[in-house]
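Quick notes on the structure that follows.
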Amino acid sequence: MKKENFIIIRVFGGLGNQLWQYALGRSLSLKYKKDLVLDLSFFKNSLIDLPKGFKSEFELDKFKIPNSTLIESNFNNYSYRFFKYFINFLPNFLKIKFFKNKNYEITNFIFEEKLFKKKSFNLSRKRKESSYFIGYWQCKSYMKQNSDIIKKELKPKYIKDDVKKILNKIKNNYVAIHIRGGDMSLEKGYTEPGKDFYFKVFDLLKNKNKNKNYYFHIFTDDLKFTKKIIKNLNLKNFTIISKTKKFSNIDEFYIMQHYKYFVISRSTFSWWAAYLGRDKNRQIFAPKIWYDNKIMFSGIKLKNMTLV
């Protein structure tokens, strides 16, 4: 294997974060005609990186990503936090010592400076070098030039018969609601939207189509938390899709893409489901306050999205 000419992405976090990281890496690999490498060391050593009680697993291999994508599970043993808070400040010749790998010779290290803030890349002078990227990379303009290719690749490899059956039952008046529980209490910058958010969304739906009766399909990673929210909303016409436990994380992610109406939480998982939505006229309702009490950043706001 050649040691040079790679785009190497540190993959970590849940599915939504992995999709952002893949989108950056794939787009750069296409632009600069370099092979893409996914470094999965995080998942072997995730206890160092994750708050207690949070679990994640690598899931990008369940999509139609190219066979040319190289997946390395034992690239190195250092945690994300170690990279972010220590290695970033070392000179290059010392950084390289932490990346001794017989298959790769990294000469260029690129760290995300700030979440949601786009960073410019110019690798044209480094065509024969390998670059290693560490960050979340949550900005849709990173994949703008290659968005059609990336969208095709982010379709599941396998679609179960149970998934096909539910897709056939989705009607034009069905609304997908994603409620994020689980790790939400562990995240410092995120909180689940309150009941006022949902009531405002329901009012907007009624005003858009006064003669339409809506039915709600609810997706969640936390049934107990979701049932409390539903009770506070006094919701009647609904089905909790996640309650059946027939569907995997990827199944639900794919099902969510087939609705005309989306109500997403402060979640990269539901953001991506809405972004990959199949209906060109879909309507997305999202919390106006997204992260750390700040209004949703322009880099992730979609054209067909209403902030509530």
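For TYR158, indicate whether it is in contact with a helix residue (DSSP H, G or I) (Cβ under 7 Å, 6 or more places away or on another chain) and open to solvent by 20 Å² or more (accessible area, probe 1.4 Å).
For TYR158, the condition - in contact with a helix residue (DSSP H, G or I) (Cβ under 7 Å, 6 or more places away or on another chain) and open to solvent by 20 Å² or more (accessible area, probe 1.4 Å) - is not met.
Tally up the residues in the stretch 233-251 that are polar (S, T, N, Q) and in contact (Cβ under 8 Å) with a residue 12 or more places away in the chain, please.
4
Determine if the stretch 245-255 includes at least one residue that is surrounded by fewer than 17 Cβ atoms within 10 Å (Cβ to Cβ) and either in contact with a helix residue (DSSP H, G or I) (Cβ under 7 Å, 6 or more places away or on another chain) or among the acidic types (Asp, Glu) (or both).
yes
So which residues in the stretch 1-17 are under 15 Å from the mean Cα position of the chain (by Cα) and within 15 Å of GLU112 (Cβ to Cβ)?
Those that are under 15 Å from the mean Cα position of the chain (by Cα) and within 15 Å of GLU112 (Cβ to Cβ): ILE9, ARG10, VAL11, PHE12, GLY13, ASN17.
I need the full set of residues from the stretch 142-155 which are open to solvent by 60 Å² or more (accessible area, probe 1.4 Å) and either at positive phi or among the hydrophobic types (A, V, I, L, M, F, W, C) (or both), in order please.
Of everything in the stretch 142-155, just one residue is open to solvent by 60 Å² or more (accessible area, probe 1.4 Å) and either at positive phi or among the hydrophobic types (A, V, I, L, M, F, W, C) (or both), namely ILE149.
Suppose we filter the stretch 210-244 for residues that are assigned to a helix (DSSP H, G or I), hydroxyl-bearing (Ser, Thr, Tyr) and either open to solvent by less than 70 Å² (accessible area, probe 1.4 Å) or under 20 Å from TRP272 (Cβ atoms) (or both); how many remain? So that I can check it myself, show each step before the final result.
The first filter runs over the stretch 210-244 and keeps only residues assigned to a helix (DSSP H, G or I), leaving 223-233, 241-244.
Checking the rest, the ones that are also hydroxyl-bearing (Ser, Thr, Tyr) come to 226, 242, 244.
Among the residues that remain, those that are also either open to solvent by less than 70 Å² (accessible area, probe 1.4 Å) or under 20 Å from TRP272 (Cβ atoms) (or both) are: 226, 242.
Total satisfying the criteria: 2.
When GLU252 is evaluated against the numbered criteria (1) of a type in the set (D, E, K, R); (2) within 28 Å of CYS139 (Cα to Cα); (3) in a helix (DSSP H, G or I); (4) at pLDDT below 90, which criterion, by number, is the only one it fails?
(4)
Check the stretch 102-120 and report whether any residue there is touching a helix residue (DSSP H, G or I) at 6+ places or on another chain (Cβ under 6 Å) and either modelled with pLDDT under 75 or assigned to a helix (DSSP H, G or I) (or both).
For the stretch 102-120, residues touching a helix residue (DSSP H, G or I) at 6+ places or on another chain (Cβ under 6 Å) and either modelled with pLDDT under 75 or assigned to a helix (DSSP H, G or I) (or both): absent.
The values are calculated or read from the model by the stated rules, or taken from the named source; none is laboratory data. It should be emphasised that the depicted structure is a prediction, and the values quoted were computed from it without experimental measurement. Methodologically, a virtual Cβ is constructed for each residue, glycine included, from the backbone with ideal geometry; neighbour enumeration extends over all protein chains shown. Protein only, heavy atoms only, side chains kept; ligands, DNA and RNA dropped before computing areas. Shrake-Rupley method; radii C 1.70, N 1.55, O 1.52, S 1.80 Å.
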